[in-house]
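Reviewing the structure listed below.
Where a number appears in this text, it was derived from the coordinates with a stated rule and is not lab data. Predicted model, so just to flag it, every value in this text is computed and none were measured. Every residue, glycine as well, gets a Cβ built from its backbone with ideal geometry; the counts of neighbours run over all protein chains shown.
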Amino acid sequence: MKKIEVVAGIIYFENKILCVQRPKNKLAYISEKFEFPGGKIENDETQIVALKRELLEELNILPNIQSLFLTVVHEYPDFELTMHSYKCEVNNMEITLNEHIDYKWLTVEELNKLDWAAADIPIVNKLIINE
């Protein structure tokens, strides 16, 4: 099974967290699901460098990346995903959607209202428990 390693940002502005929606995809199990933004780690990158690059590419933002929050290993039907999530902060809500089709700024209590990609659900659950 193909293995993919990615990083994701749990991006806070005050008491809200950025949630982004994936575009339509041939893989129905991730198509139009919500996720924490981020992406693949390139061969020569650290997790932090990859997260900074991905967030700049996807959203045109440079957040203050703080600490590792949770690493999730999830087996989708076609690949195994290892996702390292980091808590981040931004000082405004201005983003540009370069890859996603929608976004929402939600409080922790509102997170479970969205249709999340399966690999992101453990992060959502831990955020809810820790609040």
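The number of residues in segment 91-108 that are touching a Leu at 6+ places or on another chain (Cβ under 9 Å) and farther than 19 Å from Ile123 by Cα comes to 7. The strands (runs of 3 or more DSSP E) found wholly in segment 1-119 and carrying at least 1 residues that are within 11 Å of the chain's Cα centre (by Cα), under 23 Å from Glu131 (Cβ atoms) and not aliphatic (A, V, I, L, M) occupy 2-13, 16-21, 38-40, 79-89. Taken over segment 81-98, the criterion of being exposed (fewer than 14 other Cβ atoms within 10 Å of the Cβ) and under 23 Å from Glu42 (Cβ atoms) is satisfied by Thr96, Asn98.
Residue by residue, here is whether (1) more than 24 Å from Lys3 (Cα to Cα); (2) in contact with a strand residue (DSSP E or B) (Cβ under 8 Å, 6 or more places away or on another chain); (3) in contact (Cβ under 8 Å) with a residue 12 or more places away in the chain holds:
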| site | (1), (2), (3) |
| --- | --- |
| Gly38 | no, yes, yes |
| Asn64 | yes, yes, yes |
| Asn91 | yes, yes, yes |
| Asn112 | yes, no, yes |
| Ile121 | no, no, no |
